[in-house]
1. Can you run down the residue pairs with Cβ atoms below 7 Å, 6 or more apart or on separate chains, where the first is in region 29-44 and within 19 Å of K91 (Cβ to Cβ) and the partner is of a type in the set (A, V, I, L, M) and modelled with pLDDT under 70?
2. If we keep just the residues of region 149-176 that are basic (K, R) and out of contact with any Phe, Trp or Tyr (no Cβ under 8 Å at 6 or more places or on another chain), which is least open to solvent (accessible area, probe 1.4 Å)?
3. Scanning region 53-81 for residues that are part of a helix (DSSP H, G or I) and exposed (fewer than 13 other Cβ atoms within 10 Å of the Cβ), which turns out nearest to the chain's Cα centre (by Cα)?
4. Since K91 meets every condition but one in (1) open to solvent by 70 Å² or more (accessible area, probe 1.4 Å); (2) without any contact (Cβ under 8 Å) to a residue 40 or more places away in the chain; (3) of a type in the set (D, E, K, R), which condition does it not meet?
5. I need the full set of residues from region 105-133 which are assigned to a helix (DSSP H, G or I) and either open to solvent by 90 Å² or more (accessible area, probe 1.4 Å) or more than 22 Å from N43 (Cβ to Cβ) (or both), in order please.
6. Only one of V8, V57, V65 is aliphatic (A, V, I, L, M), modelled with pLDDT of 90 or more and more than 22 Å from E127 (Cα to Cα); which?
Amino acid sequence: MENYLLKVGASKYRDDTIKKEFPTFSSISHFGIGILTCFMIANDIDIITNSDEQEDVNCINLRKVNGSYLLSKISKSKADARIKKHGTMIKLFVRNDTDMSTLEDDLRKWIVLPEVPVFMTINEENETRIGYDSIKEALISYLNDTGRNVDGQKYDVYEETQGNVTVAYAVRHLRYLSDW
């Protein structure tokens, strides 16, 4: 907590021990400002994390940007169903003066293909999934949102993978030429 999460500019991925243990790992966390950006819109942050290796679920309550925090444990039986086996939830308690009118659009702009499921919940109701499970799903959504109905008749979308590269592409049926 004190060495990485709450220290400006610190990242555990720059630690020599981590570099030696995982020499080929390349983290997006280089600058150590991730959690601090949350305080731009929230005064309180809860991080609830569960691991197979632990008896209880760890809860970290961050209060204000001054570095004070509370560590607590809860029983695994009381953990949120989404992290009951293992996982981490981060809850931001957004300040009342924060403009939330574009939140969903902003999240969808920055979170497109998350490696783990991302959900947005406002006032503990209407849970909304953010992001897509595949490039194909993202392309279909974009095309449908822009008036191109992907129905397999006029437009269709395909996804192909070769090695580490996955590509999704759309095709349009040309009725008069009977060709895609």
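The values are calculated or read from the model by the stated rules, or taken from the named source; none is laboratory data. As the structure is a prediction and not an experimental result, all values here were calculated from the model. Positions of Cβ are backbone-derived with ideal geometry, glycine not excepted, and every protein chain shown enters the neighbour counts. Accessible surface is based on the protein model in full, side chains and every heavy atom, while ligands, DNA and RNA are left aside. Shrake-Rupley method; radii C 1.70, N 1.55, O 1.52, S 1.80 Å.
1. Filtered contacts from region 29-44: I35/L5; L36/V8; L36/V65; F39/V65.
2. The initial filter retains those residues of region 149-176 that are basic (K, R), namely 154, 172, 175.
From the residues that got through so far, the ones that are out of contact with any Phe, Trp or Tyr (no Cβ under 8 Å at 6 or more places or on another chain) too are 154, 175.
Working: K154: 111, R175: 167 Å².
Here the residue is K154.
3. Initial filter on region 53-81 (part of a helix (DSSP H, G or I)): 76-78, 81.
Subsequent filtering for residues that are exposed (fewer than 13 other Cβ atoms within 10 Å of the Cβ) retains 77-78, 81.
Values: S77: 25, K78: 23, A81: 17 Å.
Taking the candidates together, the pick is A81.
4. Evaluating K91 over (1) open to solvent by 70 Å² or more (accessible area, probe 1.4 Å); (2) without any contact (Cβ under 8 Å) to a residue 40 or more places away in the chain; (3) of a type in the set (D, E, K, R) leaves (2) as the failure.
5. To start, the set of residues in region 105-133 that are assigned to a helix (DSSP H, G or I) comprises 105-110.
D105, R108, K109, W110 - these are the residues of region 105-133 that are assigned to a helix (DSSP H, G or I) and either open to solvent by 90 Å² or more (accessible area, probe 1.4 Å) or more than 22 Å from N43 (Cβ to Cβ) (or both).
6. On the way: V8 fails: modelled with pLDDT of 90 or more; V65 fails: modelled with pLDDT of 90 or more.
None of the other options fit; the residue is V57.
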